[in-house]
Amino acid sequence: MDGVKPMQTPLAINVKIQKIGSEKFADPTLYRSVVGALQYLHLMWPDISVAVNKVCQYMHEPYVEHWELVKRIIRYLKHTVDYGLHLNSSRDLYVQAYSDADWAGSLDDHRSTSGHCIYFGGNLISWSARKQKTVSKSSTEAEYKGVAIAT
């Protein structure tokens, strides 16, 4: 994928993908290997957390549509190869947390995905994106669960 065009975002806006696609991916071992590498890479690239979370949900039975998402993440990484986390010294010892959730974002089980990032003294120290354990009955409930997880 050296010659591919870089992407500006790791996922298309409001992407909804299902467990069952049009055609099974020919090499599931390759899919698992690349997605496994992306799991480690998201420790340094927090902006791909949500996208990596989505592709990890299909490791047991990948379809061609799932592989297309993986390739999009790789194209995004090509675009952001010079990006990085910068840690700065600060006298302010405050903690800030931000969270968000997509209500019933999974078409397969209608569970929401929540994500959060935590800053200490202006430096990003923790981030996560994962499916919530239960189905939320409203967007407000999904957001409250996301705040609780971040807290």
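The values are calculated or read from the model by the stated rules, or taken from the named source; none is laboratory data. None of the values given here were measured: they were computed from a predicted structure. Positions of Cβ are backbone-derived with ideal geometry, glycine not excepted, and every protein chain shown enters the neighbour counts. Heads up: the accessible areas ignore ligands, DNA and RNA and are worked out on the full protein's heavy atoms, side chains in. Shrake-Rupley method; radii C 1.70, N 1.55, O 1.52, S 1.80 Å.
List of remarks:
- Test: residue in the range 134-144 that is crowded, with 20+ Cβ neighbours inside 10 Å and assigned to a loop (DSSP other than H, G, I, E, B): yes
- Of the criteria (1) in contact with a Ser or Thr (Cβ under 9 Å, 6 or more places away or on another chain); (2) surrounded by fewer than 16 Cβ atoms within 10 Å (Cβ to Cβ); (3) not aliphatic (A, V, I, L, M), which one Asp108 fails: (1)
- Residue in the range 29-43 that is modelled with pLDDT under 90 and surrounded by 15 or more Cβ atoms within 10 Å (Cβ to Cβ) present: yes
- Residue in the range 51-73 that is nearest to the chain's Cα centre (by Cα), counting only those that are surrounded by fewer than 20 Cβ atoms within 10 Å (Cβ to Cβ) and part of a helix (DSSP H, G or I): Asn53
- For first residues located in the range 55-72 and modelled with pLDDT of 95 or more and aromatic (Phe, Trp, Tyr), partners that are open to solvent by 20 Å² or more (accessible area, probe 1.4 Å) and assigned to a helix (DSSP H, G or I) and lie 6+ apart or on another chain with Cβ distances below 9 Å form the pairs Trp67/Leu30; Trp67/Val34.
- Considering the range 97-125, and only residues there that are part of a strand (DSSP E or B) and among the acidic types (Asp, Glu), the residue that is nearest to Gly146 (Cα to Cα) turns out to be Asp100.
- In the range 104-117, the residues that are at positive phi reach residues that are open to solvent by 20 Å² or more (accessible area, probe 1.4 Å) and β-branched (Val, Ile, Thr) with C-beta atoms within less than 6 angstrom, at least six apart or across chains, in these pairs: His110/Val135.
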